[in-house]
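Everything below concerns the one structure shown next.
The values are calculated or read from the model by the stated rules, or taken from the named source; none is laboratory data. Not measured: the values here are computed from a predicted model. Don't worry about glycine lacking a Cβ; one is built from the backbone with ideal geometry, like all the others, and counts go over all protein chains shown.
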Amino acid sequence: MPKPALGLCRIAHMDAPTVRADDLLTLLAVSRTGRYTAAAAVRGVDHTTVARRIAALEDALGGRVVSASGRGWELTALGRHAVETAGRIEAAMSHLAGGGDEPDPVSGVVRMSATDGFSAYIAAPAIAALRRRHPSLTVEIVTAQRRATLHRPGLDLEVVVGEPQTSRGQAVEIGRYTLGMYASRAYLEQLGRPRTRDELQQHRLVYFVDSMLQVEALDLPRRVVPRMRDGVSSTNVLVQVEATRAGAGIGMLPCFAADRHDDLERLLPDEIAERLPYWMIARDDALRIPAVAALAEALRAQTERSRAMLEGVDRP
């Protein structure tokens, strides 16, 4: 075999695209944010640089790592595999920045989505305790009242109300909570105390904005109190609690959010006690990341510890 052939092989090998760590870290930022512009802000570059680095990574890997959707950029199967490597690179860099100490695998950024009530009273204390054990961990909470999806870009975990209609990834029920009807004591003194469900329906309702409600399990008033007219509606349950406390009407509220306020009184508890499930959803590949798995377990454990509060049998 002539020697020039070997030289040509060597040149061809040198010209082949190589995977760059910076491109992988850029993909990691895109996976967490779902947007090139947001990823650019995280990486300290402009969005055109993000696009070039993603294109270079795809050339090196020989396939697409992200695909466009109406919700932003989503990882492909190849992209999810690449992000696992990117996470290890990020952890190694943190290890070096920490002076060479043994790295904590539960580190980096995890992004989750949950309802505002769950985020405030379950996720927040669970994450605080988890971070005391793993100070290099950062958790981003996106509060939302929406249907679950395993393809929403930038999310590692979702906690939703009602069983998700999905067959991909892992979905598990982690607990249940109770909703009841509440009014402020001042409201009851002024407008009278409903003694029956019919009397209750003569008052105004404080609840979610019906036209914006995406979760079928929360469409309760049409069944429980169908003749109640809206008084104040909000997409945020904490706003609903405060509106009820202010006397805007009678609220259908989670017991765990309402029972902590002494000025609120629960009405007809034996007749109206609606129990709804919390489900946690994650992709299989996400749960292989130690930080995501640790957060999932922390949320499950905190929900279990809070069972009495969630079900409305343990008023603070």
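General observations
- In region 154-174, residue modelled with the lowest pLDDT [restricted to those that are surrounded by fewer than 21 Cβ atoms within 10 Å (Cβ to Cβ) and in contact with a helix residue (DSSP H, G or I) (Cβ under 7 Å, 6 or more places away or on another chain)]: Gly169
- Within region 223-238, residues that are basic (Lys, Arg) have Cβ atoms under 9 Å from residues that are in a helix (DSSP H, G or I) in these pairs: Arg227/Asp198, counting only partners at least 6 apart in sequence or on another chain.
- Per-region count, region 47-90, residues basic (Lys, Arg), part of a helix (DSSP H, G or I) and surrounded by fewer than 16 Cβ atoms within 10 Å (Cβ to Cβ): 2
- Residue count, region 225-246 (criterion: touching a strand residue (DSSP E or B) at 6+ places or on another chain (Cβ under 7 Å) and surrounded by fewer than 18 Cβ atoms within 10 Å (Cβ to Cβ)): 3
Here is a yes/no grid of residues against (1) under 23 Å from Thr115 (Cα atoms); (2) buried (at least 18 other Cβ atoms within 10 Å of the Cβ); (3) touching a residue at least 24 places away in the same chain (Cβ under 8 Å):
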| residue | (1), (2), (3) |
| --- | --- |
| Arg193 | no, no, yes |
| Glu199 | no, no, no |
| His203 | no, yes, yes |
| Leu267 | no, yes, yes |
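- Only residues that are part of a loop (DSSP other than H, G, I, E, B) and closer than 21 Å to Arg80 by Cβ were counted in region 31-46, giving 2.
- The one condition from (1) outside any strand (DSSP E or B); (2) touching a residue at least 24 places away in the same chain (Cβ under 8 Å) that Met112 does not meet is (1).
- Residue pairs whose Cβ atoms lie under 8 Å apart, sitting 6 or more positions apart in sequence or on different chains, and linking a residue in region 154-181 that is part of a loop (DSSP other than H, G, I, E, B) to a partner that is at pLDDT 85 or above and among the small types (Gly, Ala, Ser), are Leu155/Ser113; Asp156/Ala282; Glu163/Ala171; Pro164/Ala171; Gly169/Ala282.
- Considering region 229-279, the qualifying strands (runs of 3 or more DSSP E), each wholly inside and each with 1 or more residues that are modelled with pLDDT of 95 or more and under 14 Å from Leu179 (Cα atoms), run over 250-254, 264-267.
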